[in-house]
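Everything below concerns the one structure shown next.
The values are calculated or read from the model by the stated rules, or taken from the named source; none is laboratory data. Predicted model, so just to flag it, every value in this text is computed and none were measured. Virtual Cβ from ideal backbone geometry, glycine too; neighbours counted across all protein chains shown. Surface areas here come from the heavy atoms of the whole protein model, side chains and all, with no ligands, DNA or RNA. Shrake-Rupley method; radii C 1.70, N 1.55, O 1.52, S 1.80 Å.
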Amino acid sequence: MQHVTDERMTPAAVGSHHLVVVANRLPIQRVEGRWETSPGGLARAMLGVLRSRHGAWIGWSGDVEEVGDAEVPFDVSGATARRLELDDIEMISVPLTADDFQHYYESVSNGALWPLFHDAIRESTFDADSWAVYEAVNRRFAEAAAAAAAPSATVWVHDYHLLLVPAMLRAMRPDVIIGFFLHIPFPPQELFMRMPWRESILDGLLGADVIGFQRSVGADNFVGLAKRLRAAEPDEHGVRTNGESLGDGRHVRVGTFPISIDVDEVERIARAPETIARAREIRSRMGDPETIFLGVDRLDYTKGIDLRLQSFATLLDERAAGRVQDSSSRRPIVLVQVAVPGREGVDSYVEERRIVEQLVGDVNGGHASIGYPVVHYLRRSLALDELVALYMAADIMLVTPRRDGMNLVAKEFVASRIDDTGVLILSEFAGAADELTQAVLVNPHDPDAIVAAMHSAMAMSAPAAAHRMREMRRYVTGHTVDDWARSFLAALGEVSGSRNADDTDHHDANDAAPDAVDPAPAAAAGLVVADRG
Ligand code: F6P
């Protein structure tokens with residue numbers, strides 16, 4: 001069902017949604033003139049929960065609007081609207097103008113926060129005018145959430161684009177339960193201290209009731225900074241705020257909630273006869289190589305595609321020089337590198353593409369033969385079924401980011417290897433390394449270590465590889481994106497439960513969300529959740 005309204009939102013008006021997701025992007029795309037929910041693990045996990053709770057998703061439609069059009073991002077059969085109902089979920093657009101996009105998305109989110117939060121691999125640019133726009137856009141997201149949320153609703157805010165939303169929303173709607181999840185790493189104290197807006201960011205986040213991180217090290221970094229800069233008092237479960245701007249003495253739970261994937265969906269695709277046939281076809285079209293290495297990444301400098309290509313070139317050089325024992329085979333070894341473009345308005349991304357493409361040219365120039373490139377480079381995004389076929393066609397998956405919040409590609413590769421074959425080489429600097437401990441773990445900053453990991457993956461016996469893959473598959477199967485969403489919502493449910501118990505006068509029993517999240521402790525539900533430490 002597609003239902004369109006064009007009503008304007010009144011900030012601070014109380015809405016009707018008991019669960020509201022707030023993220024930079026809406027999970028929708030336009031297909032043949034119709035809006036559809038777009039694929040992706042996060043969307044799939046959240047859409048199910050939202051549907052059952054009359055939920056809303058607040059985000060940007062992906063189109064930059066002219067200033068005059070700012071109220072009408074959706075065009076549906078001649079009607080225009082900023083709200084769109086898809087499958088019983090209300091999609092509420094926060095429009096961005098070209099100016100907003102440049103300052104909020106490109107300059108602050110991806111020019112300042114992204115590099116700094118990824119270990120300052122690239123220099124951040126800090127622009128005060130852009131920060132003012134970041135604040136203004138965050139306020140618009142908070143206003144949209146305030147207008148959509150029912151009394152005592154649960155609002156779940158996502159990621160580094162919206163670091164200020166929790167405190168802004170709390171000021172507008174103190175009755176709602178606010179969660180924040182950071183999908184990217186949270187940096188060490190000495191790096192975070194470079195941020196000109198460091199206090200504002202901490203205050204923004206401390207507006208939440210529950211703050212989730214991918215790894216415990218991120219949670220610890222955050223707690224240390226909240227103590228150091230905002231005099232927050234750490235305890236076993238998080239911090240207690242201290243100071244006027246933070247709503248004195250409020251408890252903020254800080255925990256580790258590693259995100260995952262839709263394992264059922266990946267396995268379903270992997271078992272389909274078409275996918276199995278496609279995987280065989282991919283291998284044979286490449287000349288049935290001895291070994292297929294595979295990399296699948298956004299074209300981003302954090303992903304270490306350049307380091308990987310350099311190490312692959314070293315491996316090929318060694319084989320050409322006959323310095324390795326396994327060079328007796330005449331069949332080639334190849335690397336398939338899928339690189340999904342994005343953020344091309346940010347200089348460092350343009351530069352990264354140049355570096356990667358020059359390396360692809362160098363390696364192929366030195367090692368390819370007519371009709372047989374050694375690096376198959378695809379700069380585009382692929383549908384999940386084609387990706388799964390590639391995962392199944394490959395022998396060795398290279399997930400070697402310099403730094404990564406989680407890396408879901410690693411988990412997708414594991415989930416797709418239903419016959420327990422294949423080897424995963426995984427960076428110690430990806431969040432997934434905390435969980436996929438049976439991967440060949442590698443320091444991606446050490447070129448010799450990547451080459452050594454490639455050798456050891458190629459030399460690994462089938463039983464040893466099967467043992468490792470089975471262990472990783474068992475883990476991934478038991479920790480899906482649904483488990484992740486449930487565990488975070490259960491943590492929010494606990495806050496809701498204790499607030500209701502503490503303050504029964506404040507909440508009319510009829511106000512309590514009829515389908516609020518289950519306050520049963522997340523741990524009791526056997527879900528992935530860990531308080532810090
Ligand atoms: O890794 C952080 C993240 O925001 C992901 O959640 C998302 O898939 C990706 O970056 C996409 O980035 P963008 O919205 O800039 O294309």
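General remarks:
- For region 170-175, 3J(HN,Hα) computed residue by residue from phi via the Karplus equation (6.51, -1.76, 1.60; θ = phi - 60°) reads 4, 5, 7, 9, x, 6 Hz, glycine and proline entered as x.
- Among 492-501, 463-472, 107-116, the peptide with the highest mean count of other Cβ atoms within 10 Å heads the list, and the full ranking is 107-116, 492-501, 463-472.
- Centroid-to-centroid separation of region 336-392 and region 470-502 [C-alpha atoms, Å]: 36 Å
- Contact order, relative form, for region 263-479: 25 percent (alpha carbon pairs under 8 Å, 6 or more residues apart, mean separation divided by residue count).
- Environment charge at Ile305 (Cβ cut-off 15 Å; Lys +1, Arg +1, Asp -1, Glu -1): +3
- The chain - accessible surface per residue (Å², probe 1.4 Å): 40 Å²
- Per-residue [θ]222 nm for the chain (sum of -39500 (n - 2.57) over DSSP H runs n ≥ 4, rounded to 500): -12000 deg cm²/dmol
- Within region 127-225, the trypsin sites (Lys or Arg not before Pro) that combine a DSSP coil assignment with at most 15 other C-beta atoms in a 10 angstrom radius are Arg194.
- Rg followed by Dmax, in Å, when the chain is reduced to its Cα trace: 23.9, 79
- Debye intensity ratio I(q)/I(0), log10, region 263-479, q values 0.09, 0.13, 0.16, 0.18 Å⁻¹ (C-alpha model): -0.32, -0.70, -1.11, -1.44
- Mean Cβ count within 10 Å, highest first, over the residues of peptides 225-238, 295-308: 295-308, 225-238
- Relative contact order for region 156-280, counting Cα pairs under 8 Å that sit 6 or more residues apart, in percent: 22 percent
- Net charge of neighbours whose Cβ lies under 9 Å from the Cβ of Val356, counting Lys and Arg as +1 and Asp and Glu as -1: 0
- Region 263-479, accessible surface, carbon-and-sulfur percent (1.4 angstrom probe): 49 percent
- Estimated FRET transfer efficiency when R0 is 35 angstrom, pair Ser16-Glu199 (beta carbons, to 0.05): 0.50
- Rel. contact order, % - alpha carbon contacts under 8 angstrom, at least six apart, the chain: 14 percent
- The H on the amide N of Thr125, modeled in the peptide plane, is under 5 Å from the matching H of Ala112, each at least 5 residues off or on a different chain.
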